[in-house]
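Undergrad: Take this structure, written in structure tokens, and hold onto it; I'll ask about it next.
The values are calculated or read from the model by the stated rules, or taken from the named source; none is laboratory data. Owing to the predicted nature of the structure, the values given are computational and were not obtained by experimental measurement. Cβ placement follows ideal geometry from the backbone for every residue including glycine, while neighbour counts extend to all protein chains displayed. Side chains included, ligands, DNA and RNA excluded: accessible areas come from the protein's heavy atoms. Shrake-Rupley method; radii C 1.70, N 1.55, O 1.52, S 1.80 Å.
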There are 2 protein chains.
Amino acid sequence: VAKLRYARVEHVGPDGAEARIVVAAPQAQRWVDVRAAERLRLERGGATPRAARTLSEALVPGSLALALERGAEFLEVAQRAAADVDGDALAPPDARLLRPIDPTAYRDFMAFEEHFVNASRRLGRTPADVLYMLPVSYFGNAHAIVGPEDEIPWPHYTESMDYELELGIVIARPGRDLTPETALDHVLGLVNFNDFSARDIQALEMTAGLGPSKGKHFGSAVGPWITTLDALDADDLAMTARVNGETWSQGSTSTLLWSIAELVAWASAGEPLAAGTLLGSGTVGGGCGLELGRALQAGDVVELEIEGLGVLRNRLGTPASGGWRPQPRTRIGSTD
Amino acid sequence: VAKLRYARVEHVGPDGAEARIVVAAPQAQRWVDVRAAERLRLERGGATPRAARTLSEALVPGSLALALERGAEFLEVAQRAAADVDGDALAPPDARLLRPIDPTAYRDFMAFEEHFVNASRRLGRTPADVLYMLPVSYFGNAHAIVGPEDEIPWPHYTESMDYELELGIVIARPGRDLTPETALDHVLGLVNFNDFSARDIQALEMTAGLGPSKGKHFGSAVGPWITTLDALDADDLAMTARVNGETWSQGSTSTLLWSIAELVAWASAGEPLAAGTLLGSGTVGGGCGLELGRALQAGDVVELEIEGLGVLRNRLGTPASGGWRPQPRTRIGSTD
């Protein structure tokens, strides 16, 4: 089996909660704990329980980003775990799913033409020429990425919350200056990605020309699992977003202006693309409240469902109160 | 001693090159290898050489970002190493300095008014109001940060290279929703930061509204060491940039529109600020070729020198040839 789903589950032990990487074949009913499966395999090969525990822990950390840094060695262990299921290595059926990737870097593109045409129209503009010349992107706060069922915090500096229906791309192998022909060899798989956005501060900040910042970094969600590319028809996946059970957005990966291979290649052009990077496609056409003239309310439940990638569900929290804001400054030479 | 300089040096051993964290009091002539000092201290306390090696390696990894995740425990070990210098723990005098921080996140502000006024004037604009309302910033590629004496790659997609004279701020303790009153407790210290920039592609990309991207991520430089805040008069540090020995830029941290405490607090507003984060101040007024009407040439040597932070020197490489570029697309409904 090369076709796999990757996820992470929480295990609470004597030293507190820890993350465990789990895998499953696309149609499997249960998750296999990769470290446990490798430990049992090593024991069958004659390793002492203590040595098997040490080796399996070194090879299969709780972080998927760190695990991917181990290269082919880790990917082979994961495939073996899914193919040769040992009952003792199954994750508990009620285990809580964590964000499947704890990214070492996070970069978001704007690769769906219908979205940037719609968004520009609302601002009374036409899209910039550069959006047709190359896939434009910005980096976000990788430490702010949350997982399935996590509550999305509502920061104190916004009154306008939105979701964004995006395709997430998880990088397995590092690279630099890749081409579209080689780029897909660096991809682990795809995942639902909800780039929650605070529209009021986003619009304000973007007038400075440095892109979105506080409007994006408070918490974007990924999950519930990563499906490897070879298990998907990545060029034509149906994309859906529901708010409180009502379908708000529908689209398809077939409307991407740039292919996944082109996005990955350009992400690596002239700069390092790290193992464990999460790339966002940008919002699919009609894939956010901004385009629909609708906004989220506190407590709303947003579900994203891309074909083959499960359902990512998150509830929006209540607005934070208090919180520090900078004191405005006066301009040089101003008489204010 | 609380006042310290932190750096990292390269050590080549039987398993290849590895990074070692070193520290020194502000006026000390030699660097102390923190892991070696801790190992020797443990041995003096009766630990076996093997146990002392295991414990010191766990507490003092080669990554400063990872070391900072160990919290006060690591900072105390580092201070002890600098205060109680054991001759056997000194780093070789000719050891090569690496980038002092291998950041887990990198975020750049635009906090010097004179710079954004000058840059706006060159574009025939006045600065956006938001630049006086809050410290605006964007995230960059943390994996692209290089160190002292490293050659700066010249990407294939640019013909216009520039430097930027910036103050770097290194975060020791993680936080979220800090205030200016608490923010400085989260700062390890300050460092020279050169945000090398590719002006042609930067200008092109920024027309999309998502900020700089390829114009920035190919390689920014930090170093040669980090000086702790308590050893500096951070509010009035002279800043200088030289190109091939000629002074191009002079400024001072006293012209910051927002204090270091305000920058750190706002960086953490509503989002996680990770240990090991590198914050850039943005360019000081007159601190780049763009403001001076000058550009860098292949092979140019750029030196940054902020008072108390040493000299950061980097040579610019030669333009890369080849390299993939995206094929432009036609607009929806276009008849091209």
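Undergrad: Plugging the Kirkwood radius over Cα pairs into Stokes-Einstein for segment A:94-205, at a temperature of 4 °C and a viscosity of 1.567 mPa s, what D comes out in µm²/s?
TA: Values: Rh = 16.5 Å.
Estimated via Stokes-Einstein, D reaches 79 µm²/s.
Undergrad: Quick one: ranking A:Met206, B:Met161 by accessible area, 1.4 Å probe, largest first, what do you get?
TA: A:Met206, B:Met161
Undergrad: Right, here's the next one. Give me the extension gain from A:Ala72 to A:Asp94: residue separation times 0.36 nm, minus the current Cα-Cα distance, reported in nm with one decimal.
TA: 4.9 nm
Undergrad: Can you give me the long-range amide H partners of B:Ala320? Hydrogens built in the peptide plane at 1.01 Å from N, cutoff under 5 Å, separation of 5 or more residues or another chain.
TA: Residues meeting the amide H criterion: B:Trp154, B:His156.
Undergrad: Hey, any idea what % of chain B's accessible area is carbon plus sulfur with a 1.4 Å probe?
TA: Result for chain B: 48 percent of the exposed heavy-atom area is carbon or sulfur.
Undergrad: Accessible area drop of at least 20 Å² (1.4 Å probe, protein heavy atoms): which residues of segment A:125-142 qualify, relative to the chain alone?
TA: Buried on complex formation: A:Ala128, A:Val130, A:Tyr132, A:Met133, A:Leu134, A:Val136, A:Ser137, A:Tyr138, A:Phe139, A:Asn141.
Undergrad: Enter the accessible area of B:Ile332 (Å², nearest 10), with the probe set to 1.4 Å and all protein chains included.
TA: Surface open to solvent at B:Ile332 totals about 110 Å².
Undergrad: Here is a follow-up. Over the protein assembly as shown, what lengths in whole Å, largest first, do the semi-axes of the equivalent ellipsoid take, defined as the square roots of 5 times the eigenvalues of the alpha-carbon gyration tensor? Before the final figure, lay out the partial values.
TA: Numbers: eigenvalues 270, 246, 108 Å².
Sorted largest first and rounded, they come to 37, 35, 23 Å.
Undergrad: Along the positive direction of the dipole of segment B:1-146 (beta-carbon charges: Lys, Arg +1; Asp, Glu -1; about the Cα centre), which of B:Ile101, B:Leu131, B:Gln29 reaches farthest?
TA: Going by the Cα projections, it comes out as B:Leu131.
Undergrad: Okay, moving on. Dividing the convex hull volume of the Cα atoms of segment A:244-327 by its residue count, what figure in Å³ per residue is obtained?
TA: Details: hull volume 16.9 nm³, N = 84.
It is 201 Å³ per residue.
Undergrad: Still on this structure, please answer the following. Compute the label-point distances linking B:Ser160 to its equivalents in the other copies; points lie 7 Å from Cα along Cα→Cβ; give nm, one decimal, shortest first.
TA: For B:Ser160, the inter-copy label distances come out at 3.2 nm.
Undergrad: Further question: Shortest first and in nm with one decimal, please list how far the B:Asp129 label point sits from its counterparts in the other copies (point 7 Å along Cα→Cβ).
TA: Sorted ascending, the copy-to-copy spacings read 3.1 nm.
Undergrad: Averaged per residue, what accessible surface does the protein assembly as shown expose to a 1.4 Å probe, in Å²?
TA: Value for the protein assembly as shown: 39 Å² per residue.
Undergrad: Another question, then. Provide the convex hull volume over Cα atoms per residue for segment A:32-95, in Å³. Walk me through the intermediate numbers first.
TA: On the way: hull volume 5.3 nm³, N = 64.
Cα convex hull per residue, to the nearest whole number: 83 Å³.
Undergrad: Please state the Cα pair-distance histogram of chain B with 20 angstrom bins from zero: what percent is in each bin?
TA: Distribution as computed: 31, 54, 14, 1, 0 percent.
Undergrad: Also, I was wondering about something else. Post the alpha-carbon centroid distance, segment B:4-62 to segment A:121-168, in whole angstrom.
TA: Measuring centre to centre over Cα atoms gives 43 Å.
Undergrad: May I pose another question? Compute the long axis of helix B:34-44 from its Cα atoms, compare it with the longest principal axis of the Cα atoms of chain B, and write down the angle in degrees, 0 to 90, nearest 10.
TA: Tilt relative to chain B: about 10 degrees.
Undergrad: Counting other Cβ atoms within 10 Å, which GluC sites (Glu not before Pro) in segment B:87-166 have at most 10 and lie in a DSSP loop?
TA: Working: sites: B:Glu113, B:Glu114, B:Glu149, B:Glu151, B:Glu159, B:Glu164, B:Glu166; in loops: B:Glu149, B:Glu151, B:Glu159.
Nothing satisfies the criteria.
Undergrad: Across segment B:170-186, in residue order, what do the Karplus-derived ³J(HN,Hα) couplings come to in whole Hz, using 6.51 cos²θ - 1.76 cosθ + 1.60 with θ = phi - 60° and x for Gly and Pro?
TA: My calculation for segment B:170-186 gives 9, 8, 8, 10, x, x, 8, 6, 6, 10, x, 5, 9, 5, 5, 5, 9 Hz in order.
Undergrad: Sequence-distant or interchain residues sharing an amide H contact under 5 Å with B:Trp248, placed H: which?
TA: Placed amide hydrogens put B:Ala241, B:Arg242, B:Val243 under 5 Å from B:Trp248.
Undergrad: Could you point to the residue in B:Ala78, A:Ile260, A:Ile306 farthest towards the positive end of the protein assembly as shown's charge dipole, with +1 and -1 charges on the Cβ of Lys/Arg and Asp/Glu respectively?
TA: About the Cα centre, the residue reaching furthest to the positive side is B:Ala78.
Undergrad: Suppose R0 equals 22 Å; then what is the FRET efficiency for A:Ser160 and A:Leu292 from their Cβ-Cβ distance, rounded to the nearest 0.05?
TA: Here the calculated transfer efficiency is 0.95.
Undergrad: Here's something else I'd like to know. Just the C-alpha atoms of segment A:208-276: what Rg/Rh do they give, with Rh taken as the Kirkwood radius?
TA: Rounded to two decimals, Rg over Rh is 1.01.
Undergrad: Once ligands and nucleic acids are excluded and a 1.4 Å probe is used, how much of B:Met110 is accessible, expressed in Å² to the nearest 10?
TA: Looks like 40 Å² after rounding.
Undergrad: Placing +1 at every Lys and Arg Cβ and -1 at every Asp and Glu Cβ, with all other atoms neutral, what dipole size does the protein assembly as shown have around its Cα centre, in debye to the nearest 20? Could you put the intermediate results ahead of the total?
TA: On the way: 62 positive and 90 negative charges, 85 e Å.
The dipole of the protein assembly as shown has a size of about 400 debye.
Undergrad: Going by a ≥ b ≥ c, the root eigenvalues of the Cα gyration tensor, does segment A:1-54 fall in the rounded group (a/c under 1.5), the prolate group (a/b larger than b/c) or the oblate group?
TA: Oblate is the answer for segment A:1-54, as a/c is 1.5 or above yet b/c matches or exceeds a/b.
Undergrad: Just to confirm the numbers: B:Asp84, label point 7 angstrom along the Cα-Cβ line, distances to the other copies in nm, shortest first?
TA: 5.1
Undergrad: While we're looking at this one, here's another question. In whole Hz, with x marking every Gly and Pro, tabulate ³J(HN,Hα) for segment A:276-288 from phi via Karplus 6.51 cos²θ - 1.76 cosθ + 1.60, θ = phi - 60°.
TA: x, 6, 10, 9, x, 6, x, 6, 5, x, x, x, 8
Undergrad: Still on this structure, please answer the following. Go ahead and estimate [θ] at 222 nm for chain A from helices alone: -39,500 (n - 2.57) per DSSP H run with n ≥ 4, summed, over the residue count, rounded to 500.
TA: -6000 deg cm²/dmol
Undergrad: Tell me which residues come under 5 Å, amide H to amide H, from B:Gly140 once H is placed; ignore anything under 5 positions away on its chain.
TA: Result for B:Gly140 returns B:Tyr106, B:Arg107, B:Asp108.
Undergrad: Can you tell me the mean projection area, over all orientations, of the convex hull of segment B:254-296's alpha carbons? Units nm², please.
TA: 4.4 nm²
Undergrad: If you take the C-alpha gyration tensor of segment A:145-185, multiply each eigenvalue by 5 and take the square root, what semi-axes do you get, largest first, in whole Å?
TA: 34, 12, 10
Undergrad: Here's a follow-up. In degrees from 0 to 90, rounded to the nearest 10, what is the angle of the helix A:49-59 Cα long axis to the longest principal axis of chain A?
TA: So the helix axis and the longest Cα principal axis differ by about 30 degrees.
Undergrad: Moving on to the next point. Using a 1.4 Å probe and counting only protein heavy atoms, how much accessible surface gets buried when B and A come together, both sides summed, in Å² to the nearest 100?
TA: Chains B and A together bury roughly 5700 Å² of accessible area.
Undergrad: What number does segment B:190-336 give for Rg over Rh if you use C-alpha atoms and the Kirkwood radius?
TA: Using Cα coordinates only, the ratio equals 1.03.
Undergrad: Using Cα atoms only, what is the angle between the long axis of helix B:113-122 and the major principal axis of chain B, expressed in degrees (0 to 90) to the nearest 10?
TA: Result, in degrees: 30.
Undergrad: Need one value: the accessible area of B:His11 in square angstrom, 1.4 angstrom probe, rounded to the nearest 10.
TA: 90 Å²
Undergrad: What shape does segment B:63-155 take by its C-alpha gyration tensor, where a ≥ b ≥ c are the square roots of the eigenvalues and a/c under 1.5 counts as rounded, a/b above b/c as prolate, and the rest as oblate?
TA: It is prolate, given that a/c is not under 1.5 and a/b is the larger ratio.
Undergrad: May I pose another question? Could you tell me the extents of segment B:1-138's C-alpha atoms along the three principal axes, largest first, rounded to whole Å?
TA: Result for segment B:1-138: principal-axis Cα extents of 68, 31, 30 Å.
Undergrad: Just the ratio, please: alpha-carbon radius of gyration of segment B:79-124 over 2.2 N^0.38 Å, N its number of residues.
TA: Ratio of Rg to 2.2 N^0.38 Å for segment B:79-124: 2.20.
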